[in-house]
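What follows is a set of notes on a single structure, which appears directly below.
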Number of protein chains: 2
Amino acid sequence: MGLEMAPVATESSPEQQPEVAIYPLCRYYFGAKDARPCAGETAADRALRLKANFAARGLRTCVHGVLLVELSGHPHVLLLQVRNSSFLLPGGRLRPAEQDLQGLKRKLSSKLAAEDRNGDHHWQIGECIGMWWRSEFDARPFPYPPPNTRVSKECVKLFLVRLPMARQFVVPRNLKLLAVPLSQIHDNAQVYGPIISAIPNLLSKFSFNVVRD
Amino acid sequence: MGLEMAPVATESSPEQQPEVAIYPLCRYYFGAKDARPCAGETAADRALRLKANFAARGLRTCVHGVLLVELSGHPHVLLLQVRNSSFLLPGGRLRPAEQDLQGLKRKLSSKLAAEDRNGDHHWQIGECIGMWWRSEFDARPFPYPPPNTRVSKECVKLFLVRLPMARQFVVPRNLKLLAVPLSQIHDNAQVYGPIISAIPNLLSKFSFNVVRD
């Protein structure tokens, strides 16, 4: 039913800034669902697992969604917070052979929507706005394949997600969903990390159309 | 004659990264032309002039071009250097009522091409990749209209410029043209300023196709 894969903005003419409609935060409803079991994995176990997966399947790809709402006339990004500390964009790792959009829809549903047998929560995924590369799994990500790296281990892709004018978000109890102003995350890698803190740059080419009625 | 306004990349499907062809630095030729007269204006004079212009014409818009070449397998950005210190992107301020693309072509020709009566140097301007806003002329630019600012004083727009596989650049003698690796400008606002240092983020959604033959 819902619109599928309509690009958030069409880049018809370079003279025109692509437009994104954003709606006030009060249009959205927030609920909770059961916490997703955490692996409780140690850093050493994780390193071993990632290494084995890389040997078996090559480059690991993660996809994340940038979801925007309006508050006080300024765009805010929806971020998940884990244990009152680190911030995450909704999304995660693709399964082997899974397509970007298919995987992102699956991840958005698992992090932001009620459990549903049908599983289609009508996510409308727009264009890819940025990609980051890691030369090692514990290395800092760069917005280009690091020079002098023969093979990257991980690629992280960010997609703009176009929200409808109202919807419900249902978030696992072990995560908090927060609307954080662009002005707070901009250039603030210390708190939000190198990827999230670059989102205001990635969005700067868009004109935001705040829809209040 | 030359191709005009062909977008650098068409965003047909969000699943596909837009591609940009870049050519080795050795394909390009560099020459010099007479220095353009510098105003020799004081900061106080500049502030007065900008204030008067804002009162008369409103928002000041600057347009800049991001030109890419390949060196050692890594994309480099062409930057102009003034007096061995500050770095600039080629571009500048629009004239009253001038269109973005028209103004950018005029500025690219004045900074990077031989004097030519016809003035059309076949610049192929692609999409806008970012915009910055200043609430005051001497304020730090932000990649969004600063919250709580009623009227912005200046908007700076960056456009991707698609270079042909060979061409000559002719640069005023008081400027130096440098090819600087993305990895050097990334996150290096101290040296390159907040706008240039964000270019690697803005370009991260593109796949670079290095053409050597």
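The values are calculated or read from the model by the stated rules, or taken from the named source; none is laboratory data. Note that the structure is a prediction, hence the values are computed from the model and not measured. Every residue, glycine among them, receives a Cβ derived from its backbone with ideal geometry; neighbour counts consider all protein chains shown. What goes into the accessible areas is simple: the full protein's heavy atoms, side chains included, and nothing from ligands, DNA or RNA. Shrake-Rupley method; radii C 1.70, N 1.55, O 1.52, S 1.80 Å.
Please determine whether any residue of region A:175-192 is out of contact with any helix residue (DSSP H, G or I) (no Cβ under 8 Å at 6 or more places or on another chain) and more than 30 Å from B:ARG140 (Cβ to Cβ).
Yes, region A:175-192 has at least one match.
Filter region B:179-198 down to the residues that are at the interface with another protein chain (Cβ under 9 Å from one of its Cβ atoms), outside any strand (DSSP E or B), out of contact with any Lys or Arg (no Cβ under 8 Å at 6 or more places or on another chain) and of a type outside the set (Gly, Ala, Ser) and list them by number.
Step one: filter region B:179-198 for residues at the interface with another protein chain (Cβ under 9 Å from one of its Cβ atoms), giving B:181-183, B:186-187, B:189, B:194, B:198.
Narrowing further to those that are outside any strand (DSSP E or B): B:182-183, B:186-187, B:189, B:194, B:198.
Checking which are out of contact with any Lys or Arg (no Cβ under 8 Å at 6 or more places or on another chain) leaves us with B:182-183, B:186-187, B:189, B:198.
Within region B:179-198, B:LEU182, B:HIS186, B:ASP187 meet the criteria.
Restricting to region B:60-101, name every residue that is out of contact with any Lys or Arg (no Cβ under 7 Å at 6 or more places or on another chain) and more than 23 Å from B:LEU203 (Cα to Cα).
If the condition is that a residue be out of contact with any Lys or Arg (no Cβ under 7 Å at 6 or more places or on another chain) and more than 23 Å from B:LEU203 (Cα to Cα), then B:VAL82, B:ARG83, B:ASN84, B:SER85, B:LEU94, B:ARG95, B:ALA97, B:GLU98, B:GLN99 are the ones that fit.
Return yes when A:VAL191 is over 16 Å from the mean Cα position of the chain (by Cα), open to solvent by 40 Å² or more (accessible area, probe 1.4 Å), over 20 Å from B:LYS205 (Cα atoms) and β-branched (Val, Ile, Thr) and no when it is not. If you could, list the steps in order and put the result at the bottom.
On the way: over 16 Å from the mean Cα position of the chain (by Cα): yes; open to solvent by 40 Å² or more (accessible area, probe 1.4 Å): yes; over 20 Å from B:LYS205 (Cα atoms): yes; β-branched (Val, Ile, Thr): yes.
Yes: the conditions hold for A:VAL191.
More than 13 Å from every other protein chain (Cβ to nearest Cβ) and open to solvent by 10 Å² or more (accessible area, probe 1.4 Å), is that true of A:GLN168?
Values: more than 13 Å from every other protein chain (Cβ to nearest Cβ): yes; open to solvent by 10 Å² or more (accessible area, probe 1.4 Å): yes.
Yes, satisfied.
Among the residues of region A:173-182, which ones are buried (at least 18 other Cβ atoms within 10 Å of the Cβ) and over 13 Å from the mean Cα position of the chain (by Cα)? Let's see the steps before the verdict.
The first filter runs over region A:173-182 and keeps only residues buried (at least 18 other Cβ atoms within 10 Å of the Cβ), leaving A:175, A:177, A:180, A:182.
Passing the criteria: A:LEU175, A:VAL180, A:LEU182.
So, of the residues in region A:199-213 that are part of a loop (DSSP other than H, G, I, E, B) and either within 20 Å of A:VAL82 (Cβ to Cβ) or without any contact (Cβ under 8 Å) to a residue 60 or more places away in the chain (or both), which turns out to be least open to solvent (accessible area, probe 1.4 Å)? Break it down stepwise before answering.
Going through region A:199-213, the residues part of a loop (DSSP other than H, G, I, E, B) turn out to be A:204-206, A:211-213.
Imposing the further condition that a residue be either within 20 Å of A:VAL82 (Cβ to Cβ) or without any contact (Cβ under 8 Å) to a residue 60 or more places away in the chain (or both) reduces the set to A:204, A:213.
Working: A:SER204: 4, A:ASP213: 158 Å².
Top of the filtered list is A:SER204.
Determine which member of the set B:ALA47, B:ALA43, B:ALA56 is among the small types (Gly, Ala, Ser), modelled with pLDDT of 85 or more and over 20 Å from B:ILE185 (Cα atoms). Explain how you work it out, then say what you get.
On the way: B:ALA47 fails: modelled with pLDDT of 85 or more; B:ALA43 fails: modelled with pLDDT of 85 or more.
Step by step, each of B:ALA47, B:ALA43, B:ALA56 is checked, and only B:ALA56 is among the small types (Gly, Ala, Ser), modelled with pLDDT of 85 or more and over 20 Å from B:ILE185 (Cα atoms).
Would you mind finding the one in A:PRO18, A:PRO14, A:PRO90 that is touching a helix residue (DSSP H, G or I) at 6+ places or on another chain (Cβ under 8 Å) and modelled with pLDDT under 95? Please lay out each step first, then the result.
Numbers: A:PRO18 fails: touching a helix residue (DSSP H, G or I) at 6+ places or on another chain (Cβ under 8 Å); A:PRO90 fails: modelled with pLDDT under 95.
The unique qualifying residue is A:PRO14.
Return yes when B:ARG49 is in contact with a Pro (Cβ under 6 Å, 6 or more places away or on another chain) and away from every other protein chain (no Cβ under 14 Å) and no when it is not.
On the way: in contact with a Pro (Cβ under 6 Å, 6 or more places away or on another chain): no; away from every other protein chain (no Cβ under 14 Å): yes.
Answer is no for this residue.
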